[in-house]
């Protein structure tokens, strides 16, 4: 079983080696990614079976978290992970489908959910009624109109095989989301578009797993609003907007790893 803070340690190492940013949004989404990849058939994804579940990470700037999660689930070689954001590497700072087991390149926010809706429609049309599509979005990304257009399309076609997960860390880039565009009440907005929203603690891995399990029954269209903390697990970065873009110094790198190792040992 993948342990979230071990994934976080890998993320910290990747970001520090590459002198890369996006620490905050990478650390907030770890349990969500772990729960999704725990729910899918990894062999089907590895083999690119046409009836495989699809995972589309629309908040593509959390690429280090995606690649670390793939590595810990045996879908990405650790030697490749060490090349993150280096010259010539396939592992760029935004999610790329040039990497095996990645379905779609993302980074321009608002694009992932329309593609996910298309995948869900396509799977249904091909008779793969048992397959699901999981789409992870950031809460700041919900400011994009294309997200709501995709939700309308999904509702019209009753795509119960499409599961929407929102990383609700309440920070949009380097400002509070509510200061940019206030999305509250988020649950009511999703309900108005035909979804049954469920709010969970996005760092409670069993709770996120349980919510995903409920969505697989397809009794309704599911939107999982996962309340998270940007920079989770690294005390000096938690809920601090600047860690969307700031890179780690050597001292901060050691402090971050020490904090995560203490948590793992507890």
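Where a number appears in this text, it was derived from the coordinates with a stated rule and is not lab data. Everything quoted here is computed from the prediction, not taken from an experiment. Quick reminder, even Gly has a Cβ in these numbers, built from the backbone with ideal geometry, and neighbours come from all protein chains shown.
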Open item on the list: I need the calculated FRET efficiency for the pair residue 43 and residue 250, taking r as the beta carbon distance and R₀ as 45 Å, to the nearest 0.05.
Closed with: 0.65
Task: Globularity ratio of segment 4-265, using Cα Rg and 2.2 N^0.38 Å - done: 0.95
TODO: Set the Förster distance to 22 Å, then compute FRET efficiency between residue 77 and residue 1 from the Cβ-Cβ distance, nearest 0.05.
DONE: 0.60
Task: Ratio Rg/Rh [Cα only; Rh per Kirkwood] for segment 126-266 - done: 1.04
TODO: Could you sort 131-140, 74-83 so that the peptide with the highest average Cβ count within 10 Å comes first and the rest follow in order?
DONE: 131-140, 74-83
Task: Tilt relative to the chain, helix 112-125 - C-alpha long axis, 0 to 90 degrees, to 10 - done: 40 degrees
TODO: Please report Rg over Rh for segment 179-259, where both radii come from the alpha carbon positions and Rh follows the Kirkwood definition.
DONE: 1.11
Task: Separation in nanometres of the label points that stand 7 Å from Cα toward Cβ, at residue 128 and residue 179 - done: 4.3 nm
Task: Label point distance in nm, residue 210-residue 236, each placed 7 Å from Cα along Cα→Cβ - done: 3.7 nm
Open item on the list: If you take every DSSP beta bridge fully contained in the chain, what fraction is antiparallel? Give it as a percent rounded to 5.
Closed with: 10 percent
Open item on the list: Output the 0 to 90 degree angle, nearest 10, between the alpha-carbon long axis of helix 4-18 and the longest principal axis computed from the alpha carbons of the chain.
Closed with: 60 degrees
TODO: Sort out for me the Cα centre separation of segment 1-68 from segment 237-266, rounded to whole Å.
DONE: 18 Å
